[in-house]
Amino acid sequence: MSDDGLEQNVSDHGHGTVPSRRRRRFPGISSRAYEHPADRSALVALRKLSGFDTVFKALSGLLPERSLRLLFLSDSVRVSDAQFTHLNDMLRDACYILDVEKVPPMYVTQDPQPNAMCIGLDEPIVVVTTGLVELLDEEEMRAVVGHEVGHALSGHAVYRTILLFLTNLAVRVAWIPLGNLAIMAIVTALREWFRKSELSADRAGLLVGQDLQASMRGLMKIAGGNHLHEMNVDAFLEQAEEYEAGGDLRDSVLKILNVLPRTHPFAAVRAAELRKWAGSRDHQRIMDGHYSRRTEDKDTSVSDSFRQSAAHYANDVKQSKDPLMKLVSDIAGGAGDLGDRMRRGFAGFTGGAPKDTPNDHGDGRPGGHRPDDGRPGDTRPDDGRPDGEAPESDG
């Protein structure tokens, strides 16, 4: 590697040839450098729990991990120098850039659904479907591979596997009085963390690919398929802006209800979040070589991590254009017209627009209301099964 931190043509890291164009490498980078604050605070807390990893190892015998490894080995194609060589190069490149010493095994499995996942307790494994391989071009796929390596570096594969197992175990005892409510609270909290972990991995994918447009295109294709000539990244990002700012309090509630069952954020939202992070000072500092190191992980303060997470959420609420978040921000700021705003926002639930709400459309619909076309919030199938059985797309 050159003195400026850019890769040369040949790697001395044991991963073989490095990417075809010069990309910056991040020696010793900690996953804390790119993790979403909510994801980072949860992971720091888990890592600080004494004996937690020992418990994981003890429970690993109860998990179907060995069975899954044998399944992929016997019924999928293992990526190597002899099979899917372009994916093998991408995988080693990603590990080289993020300074991951041990390259995880990677498999391609026959499935038309575009999908990718990183699972495993003892050793993470990466699985991508043929649908994803056929959908994305080289640079888009590089971002996805970096996404999965980011999951491995963060330890998401370990924590997600064990927590999904514990969740499934809890569901089996849901007959206990009030047990179902408690379980749903746990599941909801876990899914919120999972969604934030996906944003973290998207950032890792950008650090590996170092091509924001490719990352945007990949997310857009996951949403709309392989019709790139019919799509536009800027228009796709405008959808995310409309999704966040459009509608009234009713739409805000529907957004929450739509996202609660999901383990992944919506594709347009992910694209907007990644673009925002790409333009942030945090991202620029990483690219300049100023980032958290793994050697400092043991000294990380749990309380500091939670404070950073709380500050991030507070800032998000303050800057959000979502009607409900704006209301919350106004409550915190002591706005005086909240009662009237809430009455206007929820007027649709009680039938008709309030008298002081203008009709902006000329078609009888109250101002600010957008027609519902009947489509569900998640246009891709989500059968709710845990990773390793029928994973959602991580790409």
Being in a helix (DSSP H, G or I), surrounded by fewer than 17 Cβ atoms within 10 Å (Cβ to Cβ) and touching a residue at least 24 places away in the same chain (Cβ under 8 Å): is that true of VAL253 here? yes
Report yes if some residue within region 241-249 is modelled with pLDDT under 80 and part of a helix (DSSP H, G or I); otherwise report no. yes
Taking interchain pairs and intrachain pairs at least six residues apart, which have beta carbon atoms under 8 angstrom, with the first residue in region 76-88 and closer than 13 Å to VAL127 by Cα and without any contact (Cβ under 8 Å) to a residue 40 or more places away in the chain and the second among the β-branched types (Val, Ile, Thr) and assigned to a loop (DSSP other than H, G, I, E, B)? ASN88/VAL79
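Could you identify the single residue in ARG262, ARG270 that is among the charged types (D, E, K, R) and part of a helix (DSSP H, G or I)?
Unique residue meeting the criteria: ARG270.
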Yes/no for ASN88 being buried (at least 21 other Cβ atoms within 10 Å of the Cβ), closer than 24 Å to LEU207 by Cβ and not hydrophobic (A, V, I, L, M, F, W, C): no
Might you let me know whether region 137-146 holds any residue that is in contact with an Asp or Glu (Cβ under 6 Å, 6 or more places away or on another chain) and at pLDDT 95 or above? yes
I need the full set of residues from region 245-284 which are over 17 Å from the mean Cα position of the chain (by Cα) and under 28 Å from PHE26 (Cβ atoms), in order please. GLY279, SER280, ARG281, ASP282, GLN284
Among GLU139, GLU123, GLU134, which is closer than 17 Å to ALA204 by Cα, over 16 Å from the mean Cα position of the chain (by Cα) and either of a type outside the set (D, E, K, R) or surrounded by fewer than 24 Cβ atoms within 10 Å (Cβ to Cβ) (or both)? GLU139
State all residues of region 91-129 that are among the β-branched types (Val, Ile, Thr) and either under 20 Å from HIS264 (Cβ atoms) or not in a helix (DSSP H, G or I) (or both); if no residue qualifies, say none. VAL100, VAL103, VAL108, THR109, ILE119, ILE125, VAL126, VAL127, VAL128, THR129
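Results for (1) in contact with a helix residue (DSSP H, G or I) (Cβ under 7 Å, 6 or more places away or on another chain); (2) modelled with pLDDT under 95; (3) charged (D, E, K, R); (4) surrounded by 15 or more Cβ atoms within 10 Å (Cβ to Cβ), shown as yes or no for each residue.
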{"residue": "ASN258", "(1), (2), (3), (4)": "no, yes, no, no"}
{"residue": "VAL269", "(1), (2), (3), (4)": "yes, yes, no, yes"}
{"residue": "ALA278", "(1), (2), (3), (4)": "yes, no, no, yes"}
{"residue": "THR295", "(1), (2), (3), (4)": "no, yes, no, no"}
{"residue": "LYS298", "(1), (2), (3), (4)": "no, yes, yes, no"}
Scan region 94-102 and tell me whether some residue there is farther than 20 Å from ALA33 by Cβ and under 21 Å from the mean Cα position of the chain (by Cα). no
On the given criteria, is SER200 modelled with pLDDT under 95 and assigned to a helix (DSSP H, G or I)? yes
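The values are calculated or read from the model by the stated rules, or taken from the named source; none is laboratory data. Please read these numbers as outputs of a predicted model, since none were measured by experiment. Please note: Cβ atoms are built from the backbone with ideal geometry, for glycine as well, and neighbour counts cover all protein chains shown.
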